[in-house]
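The values are calculated or read from the model by the stated rules, or taken from the named source; none is laboratory data. No experiment lies behind these values; they were computed from the predicted model shown. In this analysis, Cβ positions are derived from the backbone assuming ideal geometry, glycine residues included, and neighbour counts consider all displayed protein chains.
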Amino acid sequence: MPELQAQPRWADAAQALISGCVDLGPRQDGAVALMETVCLGLGDQLYPAFLRVLAEVNQRGEYAARAAVAQTLMQALSQGRLPSGSRAAWGAHQPGAQRRSLGPIEYLCLAAWPQQRGPAELRAEQFQTLASAVLELMDCDADARRLYADHLGAVADDPLDGTMPREVRAALRALAQRWRSHPDAGQACAAFTDAVLRAR
């Protein structure tokens with residue numbers, strides 16, 4: 001199983017991802033395959049590290065570089081290949097429980113919800129930092145933002161998916177609606193955290 005280095009080289013990882021998306025061509029299968037390979041290589045335990053790399057891309061990358069990564073993510077989403085992390089269905093704690101794949105924002109939203117047997121994995125400020133960075137990255141391409149906002153809305157409206165409790169789906173819906181109507185990542189994430197606080 002891969003292990004995170006004691007001092008991860010986030011900037012180098014972000015630059016490698018940017019270079020791959022630019023060189024292979026955003027919206028192209030080669031770039032999607034590269035991103036998919038990176039995510040699969042990390043595995044479920046290190047999926048949060050992939051999200052941290054996306055945040056680093058957003059923080060350090062020039063606009064064109066960020067747009068290339070956003071377009072690659074959009075292409076991956078349109079093909080059903082969005083880099084995802086696997087989590088057990090909500091309330092399933094036994095070994096061998098069914099697991100479901102979640103894209104970056106859905107994964108962070110569930111991690112920010114208090115667990116049945118303890119506190120949330122992410123504090124509100126950690127969620128705000130990571131989720132805002134991913135949304136800001138997608139904001140670099142209007143089509144990417146629209147497609148992902150629609151995807152988040154569809155996930156929130158799916159009552160048959162046992163991955164998320166009702167309250168998290170409602171909060172995710174609030175995030176998607178705010179982001180779709182006004183491309184401000186901070187406000188969208190605040191809509192989620194406000195809905196979570198109201199649900200407690």
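Let's see how each residue does on (1) acidic (Asp, Glu); (2) touching a residue at least 40 places away in the same chain (Cβ under 8 Å); (3) touching an Asp or Glu at 6+ places or on another chain (Cβ under 9 Å); (4) under 25 Å from Arg146 (Cα atoms):
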residue	(1), (2), (3), (4)
Trp10	no, yes, yes, no
Ser19	no, no, no, yes
Val32	no, yes, no, yes
Met35	no, yes, no, yes
Leu51	no, yes, no, yes
Asn58	no, yes, yes, yes
Tyr63	no, yes, no, yes
Leu77	no, yes, no, yes
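In this structure, is Ser132 hydroxyl-bearing (Ser, Thr, Tyr), touching a helix residue (DSSP H, G or I) at 6+ places or on another chain (Cβ under 7 Å) and either under 21 Å from Ser86 (Cα atoms) or at pLDDT 85 or above (or both)? It is true that Ser132 is hydroxyl-bearing (Ser, Thr, Tyr), touching a helix residue (DSSP H, G or I) at 6+ places or on another chain (Cβ under 7 Å) and either under 21 Å from Ser86 (Cα atoms) or at pLDDT 85 or above (or both).
Ser86: within 27 Å of Ala67 (Cα to Cα), touching a strand residue (DSSP E or B) at 6+ places or on another chain (Cβ under 6 Å) and either modelled with pLDDT of 90 or more or not β-branched (Val, Ile, Thr) (or both), yes or no? Against the criterion (within 27 Å of Ala67 (Cα to Cα), touching a strand residue (DSSP E or B) at 6+ places or on another chain (Cβ under 6 Å) and either modelled with pLDDT of 90 or more or not β-branched (Val, Ile, Thr) (or both)), Ser86 qualifies. All conditions in (1) at pLDDT 90 or above; (2) more than 12 Å from the chain's Cα centre (by Cα) hold for Arg123, with the sole exception of (1).
Of all residues in segment 148-161, those satisfying the criterion of being buried (at least 17 other Cβ atoms within 10 Å of the Cβ) and over 18 Å from Asp184 (Cβ atoms) are His151, Val155, Ala156. Tallying residues that are in contact with a helix residue (DSSP H, G or I) (Cβ under 8 Å, 6 or more places away or on another chain) and without any contact (Cβ under 8 Å) to a residue 60 or more places away in the chain within segment 185-200 yields 8. Those residues that are more than 13 Å from Ala133 (Cα to Cα) and surrounded by fewer than 18 Cβ atoms within 10 Å (Cβ to Cβ), I need them from segment 171-189; list them, please. Those that are more than 13 Å from Ala133 (Cα to Cα) and surrounded by fewer than 18 Cβ atoms within 10 Å (Cβ to Cβ): Gln177, Arg180, Ser181, His182.
Per-residue answers, yes or no, for (1) of a type outside the set (Phe, Trp, Tyr); (2) farther than 18 Å from Ser132 by Cβ; (3) surrounded by fewer than 21 Cβ atoms within 10 Å (Cβ to Cβ); (4) in contact with a helix residue (DSSP H, G or I) (Cβ under 9 Å, 6 or more places away or on another chain):
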position	(1), (2), (3), (4)
Ala16	yes, yes, yes, yes
Ser19	yes, yes, yes, yes
Gln28	yes, yes, yes, yes
Met35	yes, yes, no, yes
Gln75	yes, yes, no, yes
Gly80	yes, yes, yes, no
